[in-house]
Structures are given as structure tokens and as C-alpha cells.
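Student: Right, I'll just put the structure down here and ask away after.
The values are calculated or read from the model by the stated rules, or taken from the named source; none is laboratory data. The shown structure was predicted, so the numbers you read here are calculated from the model rather than taken from an experiment. Using ideal geometry, Cβ is built from the backbone for each residue, glycine included, and neighbour counts are taken over all protein chains shown.
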């Protein structure tokens, strides 16, 4: 049982499941005669297979984060956790909204990210990990990251669809997507929820830094990029409600805000762990 639950074997199993589902979705939703079939959501066995991949991926993350009774975190674990949460949100959202197309982006990325901790096994220890306040702060932050990840992937899909429509290059695969207005509604629902979570993360980090991290708040690159991302998304939502921003403007701001957010933690940890070879 210990061998079966080894993080490497779990990562490999989850990666193979994600990759297999990605190939399946490509063959059944995005090519050939599949495009002539009626539009449909996830089938029962597809939901089950995706849930199995999530369960295996989740077990692996537990073993990697809570190694030896301590709480470890690194850029590779962060990306793996972000994609796990993003796929979980996709799985839940697919019950209520049409999210066709995201399978082709989330499955390959999840297959790659689940394997990253085995390739880049960072050993950064999180301080104050026993604090309930810190764990709530950590969970809310990662939920915000994952929702913004899903929103960014959704924005990429919309940008491709919109560009093809403007050029009159409507392929059969793109024609199977939901209308752009429907996709835009899903995008802003994700952004609204993620922005609320990011706001809670920043407020708790700024005003309760002493109890969360055991030290006063320092305005380092992580904090600065997180604030920049918050400002970008605040302006985007303000422009949406006050000026009716949509289309290219909304997509550009979404991707810019996500890029800043990605630099806030994942980018800084990548530089420290991979380029500089430091874990502290």
C-alpha cells in the first residue's frame, strides 16, 4: 500500500489519466465526425474518470505538501495545486455552465503540472503552518489562484475564437463552442469570485501579517506583484460595470492580471529554487 501511495506513482497515474482524457476529448469533441454530433456536456464515465484523476492527484499533493509531518511548498507544488483546484472547479462548474473547449487546455496543463514536483522537488518549509488562521489564508489564496488560472485559460480560448471570427476563419471546432456572450458571462463570474478571494487574501496578509507569518508585513516582490494584480482586476471589473468593457479589452486585462499574479508567488519561487538554487 505504501508503494502504491508513493507520490511519484500517484503523479504518474494522474498524469496518464489527464493525458488520456485530453486525447479522448480531442477525438470526441474537436475533430472529424465528432463535430457533427449534438453538443453535450460530460458523460457519466467521463466525470468518473476525471474525478478519479482528481482523487489520485489530491492524494499525491497531500503526500508532497505534508511530508514528514511538516508543510512543504514550492513553485512546482504551487502549480500542481493550482491546476488541481482549477480542474476541480471545472468539474463542478460543468454541471451548471457550458464550458466546452476548456478540456483541451486544462487536461494537458494538468498532466504536465502534476509531474512537476517529481522533477523539481522543492523543500521550502512554510512557517506557522500549524496556525488555523494561516491555513485559512493559504487555502483562500490558492483558491483565488486556481480560479484566476481557469479564467485565464477561458480568456485564451475566447481570444482565439474572437480572432478567428473577426477574420472569418470559423472552423468546425470553434463553431462547437458556446456563444461568445455565454463564454464572457462565465469568464466574469470566475473573475468576480476570484477577485473576492484575492481581496480577502490581501486584507488578511496586510492586517494580520504578525499572527499569520510571525513577522510584520514586508513589501517584497511577492506582495507588490499581488497588489499590482489586484489593481488590474479591480480596474477590469470597474471598467466592466461602468464602461461596459468586453472583448479584446477585457481579455487583455484578464491575462495581464493573471501574469502579475503568477509572478507574485510562482515566479519568485521559481527564481529562488531553480535559478538561484535556494529553498529559503
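Rundown of residues vs (1) buried (at least 17 other Cβ atoms within 10 Å of the Cβ); (2) free of Cβ contacts under 8 Å to residues at least 60 places away in the same chain; (3) touching a strand residue (DSSP E or B) at 6+ places or on another chain (Cβ under 9 Å), yes/no style:
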| site | (1), (2), (3) |
| --- | --- |
| 47 | no, yes, no |
| 51 | no, yes, no |
| 62 | no, yes, no |
| 66 | no, yes, yes |
| 74 | yes, no, no |
| 77 | yes, yes, no |
| 89 | yes, no, no |
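Student: So, restricting to helices (runs of 4 or more DSSP H) that lie completely within the range 10-122, which ones have at least 3 residues that are within 22 Å of residue 141 (Cβ to Cβ) and modelled with pLDDT of 90 or more?
Tutor: 44-65, 75-93, 103-113
Student: Give me the residue from the range 178-218 that is closer than 20 Å to residue 132 by Cα and assigned to a loop (DSSP other than H, G, I, E, B) and, out of that set, modelled with the highest pLDDT. Before you say what the answer is, go through the steps one by one.
Tutor: Going residue by residue through the range 178-218, those that are closer than 20 Å to residue 132 by Cα are 197-217.
If we keep only those that are assigned to a loop (DSSP other than H, G, I, E, B) too, we end up with 208, 214-217.
Values: 208: 65, 214: 56, 215: 57, 216: 52, 217: 61.
Result: 208.
Student: Note down all Cβ pairs under 6 Å where the first residue falls in the range 131-151 and is on the phi < 0 side of the Ramachandran plot and in a helix (DSSP H, G or I), the second is modelled with pLDDT under 90 and surrounded by fewer than 20 Cβ atoms within 10 Å (Cβ to Cβ), and they're at least six residues apart or on different chains.
Tutor: Cβ pairs passing all conditions: 133/211; 134/128; 137/204.
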